[in-house]
Each structure stands twice: as structure tokens, then as C-alpha cells.
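Structure first, commentary second.
The values are calculated or read from the model by the stated rules, or taken from the named source; none is laboratory data. Note that the structure is a prediction, hence the values are computed from the model and not measured. Cβ: placed from backbone, ideal geometry, glycine included. Neighbour counts: every protein chain shown. The area values use the complete protein model at the heavy-atom level, side chains included, leaving out ligands, DNA and RNA. Shrake-Rupley method; radii C 1.70, N 1.55, O 1.52, S 1.80 Å.
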2 protein chains.
Amino acid sequence: MTDKGNAGAAGLVRHGAAALGLLATSRLRRTPFSDRVEAAGVKAYTVYNHVLLPVLFRSLEADYRHLKEHVQLWDVAAQRQVEIRGPDALRLVQWMTPRDLSRAIAGQCLYAPLVDEAGGVVNDPVVLKLADDRCWLSLADSDVLLWARGLASAGGFEVAIEEPDVWPLAVQGPKSDDLMAAVFGEAVRAIGFFRFARLPFRGHELIVARSGWSKQGGFEIYVDDAALGGDLWDALVEAGEPFDVGPGCPNMIERIEGGLLSYGGDMTLQHNPFECGLGKYCHLDRPTAFLGRQSLEAIAAAGIKRQIRGLMIDVPTLSPCVAPWPVRLAGEAVGQVTSAAFSPDAGCGVAIAMIDAAAWAIGEQVTVETPHGPADATVATLPFDLARPAGAVAS
Amino acid sequence: MTDKGNAGAAGLVRHGAAALGLLATSRLRRTPFSDRVEAAGVKAYTVYNHVLLPVLFRSLEADYRHLKEHVQLWDVAAQRQVEIRGPDALRLVQWMTPRDLSRAIAGQCLYAPLVDEAGGVVNDPVVLKLADDRCWLSLADSDVLLWARGLASAGGFEVAIEEPDVWPLAVQGPKSDDLMAAVFGEAVRAIGFFRFARLPFRGHELIVARSGWSKQGGFEIYVDDAALGGDLWDALVEAGEPFDVGPGCPNMIERIEGGLLSYGGDMTLQHNPFECGLGKYCHLDRPTAFLGRQSLEAIAAAGIKRQIRGLMIDVPTLSPCVAPWPVRLAGEAVGQVTSAAFSPDAGCGVAIAMIDAAAWAIGEQVTVETPHGPADATVATLPFDLARPAGAVAS
């Protein structure tokens, strides 16, 4: 399979025709799976939470197709964990997020944007409630360990905050249940969406959650002993032969189609959760005590002026978005694209963009300044509705 | 020039024989100089503070030789700034570091390790004192913006904390004064070490400091308007022709020789400043109020059990250290190497290692487990004394 729709082929950083390298140093931490990932032929990494994160194996399109049809092993150990434990653990986690966690139960995973005093998004982790006095925050790319310690040290929270020896391995794709059942037993099939269970692997209990950074279904295994990583990878590869298991990674095309925002690219400290389409996680109607409450109340009262949207771009090919692309309405700047790819299943370019109110109506026709020149685009909902053609989104 | 002494040639992340790529996305921020750097032939990047940082142009050894003989332009915009301003600005910066800042004057740059409550190193920025109520922290690789905001929000400091539109460009090498004088005028020659002046460039005043991450001399220009970046780069290239100016970057060989620690690799949150050889920045004998004081006093009283050292490794060639290498004394583990390179000027491998008290004496003979096999090594001071052969360091 070629990447003819995704210009720049693999989307590598390029200087002219030559792909750029990544200089390896001990500052860019390896994971318990790095040796396996390299033996499996990883072609490109990114750096995420100071850790190597694989991002390309075959080609963007071949990785995408395989993910949608089979099952993949993802080294997502770069999703570092921050463990917060102690009498004030839940109170501190609640202080960091506008999502009401008061009804959360142990065994639950909760997507919970973190905000600072001004309401800016600090990170958008999944919170694993391990016990009434212990949580893990499974992180996007920012140093929440420092943020949490800063808040706790000055705020008098009685907690311990550490980065534990925990390295997530994701199993993603439609055949994930079958593969996981072959390794962990039939009990995995009963795990609900965004719930976790403790299941044994070679005599060691591992936290297994039904979650992951794709819309193809699957699990995240929280490997809490680095020495187990290689064995677990090997066991999944061996058991996965009937399911066409292969190495994989978060796929740019699939995650844009699925409307999954990349923290640091699509969503930053300069954006509030309402702008990012995360208003449903802001429980301002409940008496939740959190740091950014006053700011978010003011923002909610005043209304927002821009919001995240999908764009279907009428192009036969598309380069990756390495720096924001302007979006225009009748010549006026009305926003910017931060992620883009050619979607084989949509038959057009798909993008994630922050769009001003003047142009954010679904179906609005705008122009995107791509590296290939200006292109017509239609504002769409996120996630994209791939069943409907681009022209029909306004109906 | 070849890299025959530095195995793995360019030190790129490799899978078998193929160098790995870096997948470009908007999450990995470009700088005002990225276009120039790519036109100048950058071969590899790393990621530092969520920003692209060039790390290779010719080869490690050719970059090293050029840096020691001529003058280079470095895109070090990845040294992000945290601006702290307001009535409590200096009190907050002091709260973060054990270095006594009470005598600092405006116009001064101060290397100041930051520590958390336990005394662990959070970052090791250069603090620029801009005014009595305004500082920049020019950062190593961790999100000090979040750390500072966390401390401030809970601790009641009256400050504003932002990442300003400031992008450092370094001019490094023995001909730096001549090149800078050609662009900024003779006034640059009067700037003292770790002092800064405001000098005009095309009618815009820029902060110019005599500092930088090499031991070859030079300046860092704090470009406070991204739109100026390309013009400044071009002006330095044009004026630099007589000085053999070229693109460059922090060089692994030179910075190891110079004993410059890489935060996140050689020094982490798990180390205290005494272990990192930074005891002279811990002013426990003064009444300085800082967060980690109690911990550092306890550490100072108990004494440390490990400390950073140089190692001269008796090898004709050396791979980069991509994960810590064990150091042994008579078979017993006594530490680990975190940075290593073959030094043409030392004629052997040079490394930075954290070494236990049992083996930290200068001149101690140890064994390093390199990827090429065990190698004999001699414990040395940092920075390395290149004038003396390895065998003479104990004398």
C-alpha cells in the first residue's frame, strides 16, 4: 500500500528529499517495549513526556488500514502516570479538574481535562481511580508531575505524588477482544468501556482498562514492572497470529477522523475546555471545588469566540500540518488548522481546526491555506461522520 | 571529516542500518529559525520543551571541530522562557532555588538550579534579572511554567507568569566577539560573562547575553519578536563570511568535555544539587527562603552517597549512550553513565556518570559496560582537563 494521498509520504520531518533523523540520547527515555518496537521495524518516533513514542511502522495509510481491520500492539508508555495517594488525593485531583469526580468509583477511568487558574487546559489525562485515596493520571504531553507537586506543596494537601514504574501498552483494533481473551482469559470481554480490572499475567496482576487513543476499540494494559514488558509483548505477538496482530501506534489519519485532540497541538494552555469542545466535562452546575472555577464561570457567562471543528478539505493529497494553516472566510482569517491528513475512507482531507464564531457553523464553506495552495473546505462535526459525503454535512 | 571515532556515525536513532525519522506535527513547535536551519542542512533534531532543537549538521566530529575553531549560529529557541513579573516576582524565583539571589542586579544572568520540596532538581535555568520585579527563566527541558504557576496559585504570590514571545539564538565559538561586533557594534565586546545588554538590531532593542551551552565562548540573543528571527539569522550569516560562520548546535562531544550536564539525562528530579556537583549554588549558610531548604539541609548534614563525575574510557570508538550504561568496580555496580562520546581531543571516550562514593575518587579505575562490551575507564573531574592524558588524572 502506498501513501499517495498523504503527501510527503511518511510525513517525516524533511529537508528537501531527505528525512531527518532523531538524535538518540538518554534524555529521551526508552521504554520496556523499545527493543521490541525497533525489532518490529518502527520507522519514526515522536517525543512525548520526554519518552520515545513510536508513530510510524508501515506507512500512515497502511498502519491506518491495518488498525481498522485487525489488531495492533502500541507502545504508549510515553503516557506517563502521575500517582497521587494519601488522605487528600481525591481532593487534589478534583482541585485540578472541572469534571465532577465525586461519584467516581474505584475501577473507573475518567477522561478529565485539567485546567489552571485562568481556565487554560494543562493536560487531558485519563484518571484511573484505584482506591478512595489513590489515583493515577495517565497523561498527555506536559509535566503534570510538576504541576501537581506545585499545587500540593503550597496548598497544604496531604498527599504523595510520584511517577510510578508503570508503562502502558495498548491493544487496539476490532480484534482486540479476541487477542486479549487469548492472553488474559475470557474475563477481559466483560470489562466495560472506561472501566478496568486486575488480571493476572504470569502470576503478576496487571491493570487492564478498556480504553485507548483510537475509535477502533481495545485495551490499555498498565505494566507496573518494566521487566515484564518484553514478555507481555511477546505473548501478545504469539497469541495474535490468528488475528493478524502487528505493531502499531496512534495513527494520525484515524485519530483525526475520530476527533481525538492532540494536547500541545490542537489544544494548549491558551485554550479553555469550552473552546476545545469539552464543555460536558465542566460541571459548573455542581458544587465542585476546583482551581479554575471562577475563570470558567466567567467564560461560560461571556460565551466563547472560537471552537474546535472538523474540516473536510477538497484535495486529492495532503501534507502533514507541521505548523498551523490559516483558515479564511471570504478572505478574512477565521481560524487555523492544527492537524490534517488525507482520509482514504472519507475520500478527502480531514483536519482539526480552531474556528471563530463567524465560520463555525456546520456546513460553512471556508478556504484552507495548505502547503499545496488554497483549498476549499467544509466545516464539519467532530468526530467526522464518514458515512456521509462532505457536501451533505450541512443538511 | 568522518565520525570514525563515534560509532553509529551520526548517533541517530537506528533500527538496524536505517536511521529513524521524526514525524512532524504541530505539537512539536517550530521556531523563528526553523526554515533557515533546514535550508542550512540540519540532519537531526531532538525535541526539547515541546520545540524542535537542531542537534546535527555535518557530523558530530565535524560540528565539534568547526565549533572549536570558528563561530556557529545555534537555534536554541527550545530554551523556552518563563517570565515572572509583579511585586512578588523575585520572592517566587528565590522560593524555587537554593541559590541566594538577594545580591543579583538587573543585567545579570544567574545559573540557578531549581529544586522541589524534597530537594530534587526540577530544572537548571539561567535566570535573567530584567528588573526588580521581572525575571526570565531560560529553561532546560521541563515544564517550569506549570511548576511556577502551581506554586504561585496555591502560595499566594502576587505575580504574572507567562511564556513570552522570546526565542534565543546562540552565537558560539572563538570568533563570536568578532561576528557579533560586526552586527551589533563594538559594544558587545564589553559585555561581561553572564551579563546582558540591550542592543539595537534594525531599530529593535534585543537582549544580548554573554552565555551559552558550550565552553568556546559566545552570546545568546533573546529575540523577542518571532518575525525578526529570519532577518537576524541572515544578517549574522552575511556578516560572518570572513569568520567562516556556519550553522551549529549544542555538540555532544564538546559539552561532555566541558562538563555541561543535560537535564533529564545526566541530572533529573531524582537527583539533588549536591549529587550533581552543584553544591556551590546551595547557599544554606545564608537566610535564603526556598522551598527545598529543609530537605537540602538534611541532605547536607547526612552527606551524599553518589556524585557526578567524568569518565575517560579507554576505547577507540564509542556509540552514543541512549540508555544508562552500568559502571562497575571489581564487579560491583557503582554507578551509571548517562552521556558519552569519543573525544578527538582527549583521544579516548569521555562520559558523564553518577558514581557511588566507593568509586568516586579521581583516578579510580572502573569498568563501563558499553554497547561494544566492557571497557576500562578512569574517574576524572568535570570539566575534563584535556591537557593531561587520562592516566595522569590521579597524579
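What is the percent carbon and sulfur in the accessible area of region A:220-352, measuring with a 1.4 Å probe over the protein chains and ignoring ligands?
On the way: 2480 of 4890 Å².
Summing carbon and sulfur atoms, their accessible area is 51 percent of the total for region A:220-352.
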| remark: Measuring from its Cα centre, chain B shows a charge dipole (+1 at each Lys and Arg Cβ, -1 at each Asp and Glu Cβ) which, in debye to the nearest 20, is 360 debye
| remark: For region B:337-350, in residue order, the Karplus 3J(HN,Hα) values (coefficients 6.51, -1.76, 1.60; θ = phi - 60°; whole Hz; Gly and Pro = x) are 7, 10, 9, 7, 7, 7, 9, x, 6, 8, x, 7, x, 10
| note | B:ALA190 and A:LYS215 label points (each 7 Å along its Cα→Cβ direction) are spaced in nm at 6.4 nm
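Could you tell me the total accessible area buried at the B-A interface, probe 1.4 Å, in square angstrom to the nearest hundred? Please report the intermediate quantities before stating the final value.
Numbers: alone 16420 and 16440 Å², together 27980 Å².
Interface between B and A: roughly 4900 Å².
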| message | Filter B:LYS129/B:LYS280; A:LYS68/A:LYS305; B:LYS280/B:LYS305; B:LYS43/B:LYS68; A:LYS43/A:LYS129; B:LYS215/B:LYS305 down to the pairs with a C-alpha to C-alpha distance above 24 Å, please. | response | A:LYS68/A:LYS305; A:LYS43/A:LYS129; B:LYS215/B:LYS305
| note | Computed ³J(HN,Hα) along region B:254-259: with the Karplus parameters 6.51/-1.76/1.60, θ = phi - 60°, integer Hz and x for glycine or proline, the list is 5, 6, 6, 3, x, x
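Treating the beta-carbon of each Lys and Arg as +1 and of each Asp and Glu as -1, no other charges, what is the dipole magnitude of region B:24-75 about its Cα centre, to the nearest 20 debye? Walk me through the numbers on the way to the answer.
Values: 8 positive and 6 negative charges, 30 e Å.
The dipole of region B:24-75 has a size of about 140 debye.
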| query | At B:PRO242, label 7 Å along Cα→Cβ: distances to the other copies, nm, ascending? | reply | 7.9
| request: At 10 °C and 1.306 mPa s, grab the translational diffusion coefficient of region B:16-100 from Stokes-Einstein with a Kirkwood Rh over Cα pairs, rounded to a whole number in µm² per second. | output: 101 µm²/s
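Starting from the Kirkwood radius over alpha-carbon pairs of chain B, derive D by Stokes-Einstein at 10 °C in a medium of 1.306 mPa s and give it in µm² s⁻¹.
Values: Rh = 21.9 Å.
Translational D for this selection: 73 µm²/s.
Using a Förster distance of 51 angstrom, determine the FRET efficiency expected from the C-beta separation of B:GLU238 and B:THR317, and round it to 0.05. Provide the component values of the computation, followed by the final result.
Numbers: r = 39 Å, r/R0 = 0.76.
After rounding, the FRET efficiency stands at 0.85.
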| task | Would you mind counting up the charge near A:ILE352? Only other residues with Cβ under 12 Å from its Cβ, with Lys and Arg at +1 and Asp and Glu at -1. | result | +1
| remark: For the axis mapping A onto B, the chain A residue whose beta carbon sits nearest, plus its rounded distance in angstrom, comes out as A:GLY150, 1
| By its C-alpha gyration tensor, with a ≥ b ≥ c as the square roots of the eigenvalues, how is the protein assembly as shown shaped: rounded for a/c under 1.5, else prolate for a/b larger than b/c, else oblate? | rounded
| field | Cα gyration tensor, region B:148-270 - rounded (a/c under 1.5), prolate or oblate | value | oblate
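What is the local net charge at B:LYS280, summed over the other residues whose Cβ is closer than 14 Å to its Cβ (Lys, Arg +1; Asp, Glu -1)? List each step's numbers first, then the result.
Values: positive: B:ARG99, B:ARG286; negative: B:ASP100, B:ASP124, B:GLU275, B:ASP285.
Around B:LYS280, the surrounding residues sum to -2.
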| request: Kindly tabulate the residues in region A:99-116 with an accessible-area decrease of at least 40 Å² between the chain alone and the assembly of all protein chains, using a probe of 1.4 Å. | output: none
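Find the percent of Cα-Cα distances in region A:83-169 that exceed 14 Å, and round it to a whole number.
On the way: 2269 of 3741 pairs.
Percentage above 14 Å: 61.
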| said: Suppose a student asked you for the relative contact order of region A:54-188, using Cα pairs under 8 Å spaced at least 6 residues apart; what percent would you report? | reply: 36 percent
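Run the helix sum for the protein assembly as shown: -39,500 (n - 2.57) per DSSP H stretch of 4+ residues, divided by residue count, reported at 222 nm to the nearest 500 deg cm²/dmol. Walk me through the numbers before you get to the answer.
Values: 16 runs with 144 residues, N = 790.
Result for the protein assembly as shown, helices only: -5000 deg cm²/dmol.
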| field | Tail beyond 20 Å, pair distance distribution of region B:273-347 (Cα, percent) | value | 50 percent
| note | Among region B:341-362, those whose backbone N falls under 17 Å of a label point 7 Å along Cα→Cβ from B:GLN270 are B:352-357
| task | Could you give the spread of the C-alpha atoms of region B:165-215 along their three principal axes, from largest to smallest, in whole angstroms? | result | 30, 25, 16
| task | With 10 Å bins from zero, work out the P(r) of region A:203-304 over every alpha carbon pair and list the percent per bin. | result | 11, 29, 26, 21, 11, 2
| Taking every pair of alpha-carbon atoms in region B:311-352, what share in percent sits in each 5 Å bin, from 0 to the bin with the longest distance? | 6, 25, 30, 22, 14, 3, 0
| note | One decimal, nm, nearest first: from B:TYR111 to the same residue in each other copy, label points 7 Å out along Cα→Cβ, the values are 4.6
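Name the shape class, rounded, prolate or oblate, that the alpha-carbon gyration tensor gives for region B:211-255, where a ≥ b ≥ c are the square roots of its eigenvalues, rounded holds for a/c under 1.5, and otherwise prolate holds if a/b is larger than b/c and oblate otherwise.
Values: a/c = 2.27, a/b = 1.34, b/c = 1.69.
Oblate shape, in that a/c is at least 1.5 and b/c is the bigger or equal ratio.
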| task | Over region B:77-145, give the accessible area per residue in Å² for a 1.4 Å probe, as an integer. | result | 27 Å²
| task | Treat each spin label as a single point 7 Å out from the Cα along the C-beta direction, and report the B:HIS204 to A:HIS204 distance in nm. | result | 5.3 nm
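Taking Cα pairs under 8 Å and at least six residues apart, what relative contact order does chain B come out at, in percent?
Working: 898 pairs, mean separation 68.1, N = 395.
Here the relative contact order equals 17 percent.
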| request: Can you tell me the dipole magnitude for region B:163-250 around its Cα centre, using point charges on the Cβ only (Lys, Arg +1; Asp, Glu -1), in Debye to the nearest 20? | output: 440 debye
| query | Hey, any idea what % of region B:48-115's accessible area is carbon plus sulfur with a 1.4 Å probe? | reply | 54 percent
| request: Once the label point is placed 7 Å from Cα along Cβ, list for B:GLU332 the distances to the corresponding points in the other copies, in nm, shortest first. | output: 7.5
